[in-house]
Amino acid sequence: MAPTPNSLATTCCIIGGGPAGIMLGFLLARAGVKVTVLEKHKDFFRDFRGDTIHPSTLELLYELGLLEKFLKIPHSQVAALSATIGGERFPIADFSHVPTHCKFIALMPQWDFLNFLASEATPLPSFTLRMGWEATGLIQQNGVTTGVRANTPDGPVEIPATLTVGCDGRHAISRDAGHLPLENQGVPVDVLWLKLARQPSDPENALGYINYGRLIILINRNDYFQVGYIIAKDTFPQIQQAGIPAFQQSLERVVPFLVGRTGEIDSWDKVKLLTIQVNRLQEWSSPGLLCIGDAAHAMSPVGGIGINIAIQDAVATANILTEALLSNTLTQHNLAQVQHYREKTVRNTQRVQVFAHRILNRVLRETGPIKPPLALRILTSIPGFQNIPARFVGIGLQPQHIKNF
């Protein structure tokens, strides 16, 4: 028997079971707000872009009393970031001085992170996670969002809600259905996503390898590398036309220790094109609807900070809205407060990423060996320089803290 709208009614319906959605649902339910999270997939086991849990997010887990338990999940730790440019290694960021309990980035498949958060939230009586429920639209009355329409394994349903929060990523149905206008910043690069075997003796390098007009990022997933191969936008067809052997050779040329392993990539089916976006909504909310995370502002992979920005959005949202949701006094002014509080941080972070894209675009125009720039040599030789990018990447411009209600 299909559930009735009355049985599905909730105070807050969250569209999307990613980091922002699960964290927000957990924090609201922890405070006693009735919340339902809709995730269109039946599980979290998919290839996500974000596998980096930064010190700022680890600090939030510490504040929630979950850090020790979380760190028992298999992961690797990166205490410093470096870049190998033209075969020469440069230290870029050192996390040993960040003001957090964990002075490292945890590299962990995002499905493990989401499963962990969901397992902590599920026992809470006011938390409901609906896996395999795909939001298809919003319920709206006189310009006010009053809930969500969704397809479920048992058919379509309507979920009445006081507040709907779109955490459904860069292709968000929430913002489209809510008619929230989007501003695109324009990005000159994309990423090819693939896997290669990893050996225990392989060096750690979480920023990447730059040479011969290529930037290759290796993410340590213990027994294999998740590889991000940066390309100029719209050039994947040309790379495919050159053939698999040429692609394999380019990988080995830039990252010599991969020689002999690239034969695993014997088909373009094993290479996925990820289209990079940097954008943001002009308005993050309308009556009854709020968008956060990638739904409100897609971030570039530069710095691997997108997941942590989304989680900071979720914490800020919970801190700002919980009391109004508990007292049933939520107004549009409350929703606008979230954007007012977070927007400057998002804009400034995106400015840094757009600047980095310009540098990457110049790198991709090179055809021969790259000579490390003199400015980089000077900067990396300055005592304390590595603390600056470490703080930007590891903590961000506006670190959040858990508020107890």
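Just so it is clear, none of the values below were taken in a lab; they were calculated from the coordinates. Everything numeric here is computed off the predicted structure, so don't read it as measured data. For neighbour counting, all protein chains shown are included, and Cβ atoms are generated from backbone atoms with ideal geometry for every residue, glycine included.
Observations
- The ratio of the alpha-carbon radius of gyration of region 206-263 to the globular-protein estimate 2.2 N^0.38 Å is 1.12.
- Per residue of the chain, the DSSP helices (runs of n ≥ 4 H) give a summed -39500 (n - 2.57) that works out to -10000 deg cm²/dmol at 222 nm.
- From largest to smallest, the equivalent ellipsoid semi-axes obtained for region 46-181 from the alpha-carbon gyration tensor read 37, 20, 14 Å.
- Taking the chain as a Gaussian network of alpha-carbon nodes connected by springs under 10 Å, the highest mean-square fluctuation of the residues P301, P200, P19 belongs to P200.
- Qualifying lysines (Cα of each under 18 Å from Cα of K72; at least 8 residues distant if same chain): K103
- Ellipsoid fit via the Cα gyration tensor, region 207-327: semi-axes of 39, 16, 12 Å, each the root of five times an eigenvalue, largest first.
- Evaluated with a Cβ-only charge set (Lys, Arg +1; Asp, Glu -1), the chain carries a dipole of roughly 760 debye about its Cα centre, given to the nearest 20.
- Taken over region 252-396, the ratio of Cα radius of gyration to 2.2 N^0.38 Å equals 1.42.
- Tail weight of P(r) past 34 Å, computed on alpha-carbon pairs of the chain, percent: 31
- Among the listed pairs K40/K270; K195/K272; K42/K270, those with a Cα-Cα distance over 18 Å are K40/K270; K42/K270.
- Candidates per trypsin sites (Lys or Arg not before Pro) in region 1-101, loop by DSSP, up to 10 other Cβ within 10 Å: K42, R46, K72
- Per residue, the Cα convex hull of region 143-275 amounts to 183 Å³.
- The calculated FRET efficiency for W111 paired with F355, based on their beta-carbon distance and R0 = 25 Å, is about 0.20.
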